[in-house]
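Engineer: So that we are looking at the same thing, I have put the structure below in structure tokens.
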Amino acid sequence: LIVDDEPINVQVLVNYLQLMDYKIITAYSGKEALEIIESDNKPDIVLLDIMMPHISGYEICAEIRKKYLRTEIPVVMITAKNRIQSLVEGFQHGADDYITKPIIKEEMISRINQLLDMKQINDKYVELNKNLEIKVKNRTSELQETIRELKQTQDQLIESEKMAALGQLIAG
């Protein structure tokens, strides 16, 4: 998802990313970006301009972080500002990385690929963890059933022993 209020900036990013065969979604406002993220088109990564009218990139990033972890939707801030304070503020709002304008294609693609690789590793870990949880639940259910059957067998043995003892008492 590319979020920038300047159509020229969006077009530059689209041109660069189309070369990599990425599926690209664009938004020209923070509100539009948040609507896209909440829809079924949840992006794998967000490229987010900081300076936008009405709602800043920082605020959009903070909204994304309220619902999604860094590993779920990485956010790369795009800015002409390269002051340390701007970078720190972005990281405080949940940004994962920065790209400065003018954009250097190779740098941008490298940063995006790195974040997407990390996201893919995390997705595999989450899936593996879910599968493990399912296996643990299934095994727990099996063990609980086995314990129930053993308890029932134990109760039957105790009842048989009582009957045998009663039979011996009567015979005596």
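Engineer: In the stretch 68-103, how many are assigned to a helix (DSSP H, G or I), out of contact with any helix residue (DSSP H, G or I) (no Cβ under 8 Å at 6 or more places or on another chain) and either at pLDDT 85 or above or open to solvent by less than 50 Å² (accessible area, probe 1.4 Å) (or both)?
Structural biologist: 5
Engineer: Can you give me the number of residues within the stretch 101-112 that are under 15 Å from Val46 (Cα atoms) and without any contact (Cβ under 8 Å) to a residue 40 or more places away in the chain?
Structural biologist: The total comes to 2.
Engineer: Now, a different point. For residues that are loosely packed, with under 14 Cβ neighbours inside 10 Å and not β-branched (Val, Ile, Thr), scanning just the stretch 107-122, find the one that is nearest to Tyr68 (Cα to Cα).
Structural biologist: Gln120
Engineer: Now for a separate question. Tell me which residues, restricted to the stretch 134-172, are open to solvent by 90 Å² or more (accessible area, probe 1.4 Å) and under 37 Å from the mean Cα position of the chain (by Cα).
Structural biologist: Within the stretch 134-172, Ile134, Lys135, Lys137, Arg139, Glu142, Gln144 meet the criteria.
Engineer: Considering only residues of the stretch 118-158 that are of a type in the set (Asp, Glu) and at pLDDT below 90, which is farthest from Ile73 (Cα to Cα)?
Structural biologist: Glu127
The values are calculated or read from the model by the stated rules, or taken from the named source; none is laboratory data. Keep in mind that what you see is a predicted model, and the values were worked out from it rather than measured. FYI the Cβ positions are ideal-geometry reconstructions off the backbone, even for glycines, and counts take in every protein chain you see. Protein only, heavy atoms only, side chains kept; ligands, DNA and RNA dropped before computing areas. Shrake-Rupley method; radii C 1.70, N 1.55, O 1.52, S 1.80 Å.
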